[in-house]
Amino acid sequence: MYYSNTIFNQLLSFLPKYQFNQFVDQHQADKFIKKMTAWNQLIVLLYAQATGKDSLREIETGFNLHESRWYHLGINTVARSSLSDANNRRSYQIFEKLFYTLLEQCQEITPDRKFSFNNPLYSFDSSIISLCLSVFDWAKYSKTKGALKLHLLLNNRTAIPELINITEGKTADITAIKQMSLNLEKGSILVFDRGYVDYLWWKKLDTDGIYFVSRTKENQNIFVVGQHQALLEPNILADEEVIFGDYNAMKVYPDKLRRIRYYDQKNQKEYCYLTNNFELTALQIASIYKSKMANRIVF
């Protein structure tokens, strides 16, 4: 009999099933279960995500169209009642542990990107994940839309996430990052955009020995107190030492910062960056922020 292995089944072969079964045993998730096992549930949920299914009925119908493939995937049932019960009763921690196991494997085999400095480099950003409000009424984002927000700490050298946090869609970016434990080693560089302006948090990063790079905001009151580098590199319009002119900002963050004005010839646009790093060159600082934009994830 001719047997053709599906692409989906080939992708499943990369999952560490032995370790997954250990997580299932730890939570006794398959106790008294005959059909919708944790592995079956994982396969069904992966299928639903990959094919953009919005409801249990759609998932069930989609699988029933390919019932002959069930055996090769190891599936016993896709009844929406069984899946609903599994989603309600089974611990999410099983799948969370599987994610971090896969993450460790990816980190081991992903080559380190070459940068001209030795500091660990990270980016922090967020993306809105749109949801159907009629299906996910608990994820209300506006009157007619539902959404979650994914907050992501990305290792720029490997382009692999180090930390993920999911919040309600309305959660402010700076609120989410202040609630998270980043655990960055001293000397690390953290890149973020203008949605993370919080001078008290910036001061904590500086006190912890973490360098940061961000874009300036138009309404920031900044005074130039000196030139950091008189001899400018190509496309660098200015490399200045600055302080905040606003009283409240100065009270929280009285130290000098470095402001770099960079001209992007490709886009014919000027960019302005703020950083507490006075060691790297101005072009390196500009390249650090550009690496964040190159790795940006949008859903």
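The values are calculated or read from the model by the stated rules, or taken from the named source; none is laboratory data. These figures come from a predicted structure and were not determined experimentally. Glycine gets a Cβ as well: all are built from the backbone with ideal geometry, and neighbour counts include every protein chain shown.
Scanning region 15-29 for residues that are without any contact (Cβ under 8 Å) to a residue 40 or more places away in the chain and either part of a loop (DSSP other than H, G, I, E, B) or not assigned by TED's automatic domain parsing to the domain that holds TYR47 (or both) turns up just one, GLN28.
The set of residues in region 261-299 that are of a type in the set (S, T, N, Q), at pLDDT below 95 and not in a loop (DSSP other than H, G, I, E, B) comprises GLN284, SER287, SER291.
Per-residue answers, yes or no, for (1) crowded, with 18+ Cβ neighbours inside 10 Å; (2) acidic (Asp, Glu):
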position: PRO234; (1), (2): no, no
position: ASP239; (1), (2): yes, yes
position: ASN248; (1), (2): no, no
position: ARG259; (1), (2): yes, no
position: ASN267; (1), (2): no, no
position: TYR289; (1), (2): yes, no
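Each row is one residue, and each column tells you yes or no for (1) under 30 Å from LEU131 (Cβ atoms); (2) in contact with a Ser or Thr (Cβ under 8 Å, 6 or more places away or on another chain); (3) of a type in the set (Asp, Glu); (4) not assigned by TED's automatic domain parsing to the domain that holds LEU257.
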residue: ASN165; (1), (2), (3), (4): yes, no, no, no
residue: MET180; (1), (2), (3), (4): yes, no, no, no
residue: LEU184; (1), (2), (3), (4): no, no, no, no
residue: GLY187; (1), (2), (3), (4): no, no, no, no
residue: PHE192; (1), (2), (3), (4): yes, yes, no, no
residue: ASP206; (1), (2), (3), (4): no, no, yes, no
residue: VAL213; (1), (2), (3), (4): no, yes, no, no
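Of the strands (runs of 3 or more DSSP E) lying entirely inside region 186-237, those containing at least 3 residues that are farther than 16 Å from SER123 by Cα and without any contact (Cβ under 8 Å) to a residue 60 or more places away in the chain span 222-227. In summary, strands (runs of 3 or more DSSP E) completely within region 116-184 and bearing 1 or more residues that are touching a residue at least 60 places away in the same chain (Cβ under 8 Å) and over 23 Å from TRP202 (Cα atoms) occur at 121-131.
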